[in-house]
Amino acid sequence: MKKTLPPSSADDNVITVKPGQARPLSSDHRIIQAVGEDLIRQSLVTGQEFCKFMISTCTGAIPVYIALLTLAISVQKAAGGYTILAMVPPLLYLVAMLLFTAGYQPAAGQFSLDVINEIEAFREKTIRRRNTWIKAGVSFFTLATLWASVVIIAGLANH
């Protein structure tokens, strides 16, 4: 006899199996299941690796910017009105690096390995937290890059 759930049921993914109907997974289904497991495992690692990459990128952007600035603006001009404006991009790159560093940190918290809902909630919380740091870091990195571009182009135009 097939079990029918009321339409207001919170679980719409109920599958009814009659005794004797269960079959082993096909090779296609096993592959799809393995891909799903890999996606879940990598979902935490991907954000952390992106943060790690961006920490290096932000840190490396500072000497590149200073080298380009040196080519674009002479030392005499840098001593003038450009000094304050020219110092903003390295500071923004440092802020971006700190934000990515915060996103790179391991998640803190506790959950029971026996309770799937706790594991999933912890995973989602970690991803949301990391994404917040990534968005903030990308914003500061983009602002720093745009500001650096304006300073260098203005320096070349006035050279």
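The values are calculated or read from the model by the stated rules, or taken from the named source; none is laboratory data. The shown structure was predicted, so the numbers you read here are calculated from the model rather than taken from an experiment. Glycine also receives a Cβ, built like all others from the backbone with ideal geometry; neighbour counts cover every protein chain displayed.
Got a sec? Which of Arg41, Arg30 is in a helix (DSSP H, G or I), farther than 30 Å from Gly137 by Cβ, out of contact with any helix residue (DSSP H, G or I) (no Cβ under 7 Å at 6 or more places or on another chain) and modelled with pLDDT of 70 or more?
When all the criteria are applied, what remains is Arg30.
Look through segment 108-128, keep the residues that are surrounded by fewer than 17 Cβ atoms within 10 Å (Cβ to Cβ) and touching a residue at least 24 places away in the same chain (Cβ under 8 Å), and return whichever of them is farthest from Lys52 (Cα to Cα).
So, considering only residues that are surrounded by fewer than 17 Cβ atoms within 10 Å (Cβ to Cβ) and touching a residue at least 24 places away in the same chain (Cβ under 8 Å), the one farthest from Lys52 (Cα to Cα) is Arg123.
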